[in-house]
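Please treat every number below as a calculation from the coordinates, not as lab data. Predicted model only: the values in this text are computed from it and were never measured. FYI the Cβ positions are ideal-geometry reconstructions off the backbone, even for glycines, and counts take in every protein chain you see.
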């Protein structure tokens, strides 16, 4: 079992318990999700991808490339930062790191595919929906996640799922990326590293 180096200041190391998907498996999941998005929306003409910073944005960029390979033109891409929309912003995040929300297209009349790496309690998605609505009223919002780990606290369900994994509240699911923005692997672990 390896220990993952923390990516944020103050984050505890992660003791990896098992690998849920390797790079090839994650690539297959993303290809399937891109195909499902195109099929369900009868093409990519009126969709836009919006990634939830940070992991969701990396995956949205990858889905955009895959959709463009099939459809010819890439759909518009945006990013949403949910730091100030979280319901625990003043409790769990004493110094939230705020990134920019970038929506370089009109939301009205567009089907937004909101993209995140891991769906857990649903609170991140709720915050992202609040953030989106401050910028406009999309025609519809669909949700795409690479991993659905269950344990929902809000009635939120993904439309496109790469993989569902049964987890416990004490476990962490982490999508790890390489320097080129490709998924290296998806791991299940425990916070704190080896004792």
149, 18, 176, 139 arranged by Cβ crowding within 10 Å, fewest neighbours leading = 18, 139, 176, 149
Among 16, 118, 173, residue whose mean-square fluctuation peaks in a GNM of the chain (springs only between Cα atoms under 10 Å) | 16
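For 39, 171, what's the fewest-to-most ordering of other Cβ within 10 Å of each Cβ?
On the way: 39 10, 171 16.
So the ranking, lowest neighbour count to highest, is 39, 171.
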In bins 10 Å wide, starting from 0, what share of all Cα pairs of the range 24-165 does each bin hold, as a percent?
-> 12, 45, 34, 8, 1
Nearest 10, in degrees from 0 to 90: the angle of helix 23-40 to the longest Cα principal axis of the chain is 30
For helix 123-133, report the angle its Cα long axis makes with the longest principal axis of the Cα atoms of the chain; keep it between 0 and 90° and round to the nearest 10°.
-> 30
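Among 54, 101, which comes first, second and so on when ranked by fewest other beta-carbon atoms within 10 Å?
Numbers: 54 15, 101 20.
Going from least to most buried by this count: 54, 101.
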Label residue 121 and residue 139 with points 7 Å out from Cα along Cα→Cβ: what is the distance between them in nm?
-> 3.5
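Taking every DSSP beta bridge with both residues inside the chain, roughly what % is antiparallel (nearest 5)? Write out the running numbers ahead of the final one.
Details: 17 of 38 bridges.
The answer is about 45 percent antiparallel.
Using only DSSP helix segments of four residues or longer, with each worth -39500 (n - 2.57), what per-residue ellipticity at 222 nm results for the chain after dividing by its residue count and rounding to 500? Working shown, then result.
On the way: 3 runs with 46 residues, N = 195.
Counting only the DSSP helices, I get -8000 deg cm²/dmol.
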Principal axis lengths of the range 8-69 from Cα atoms, whole Å, largest first?
-> 43, 24, 17
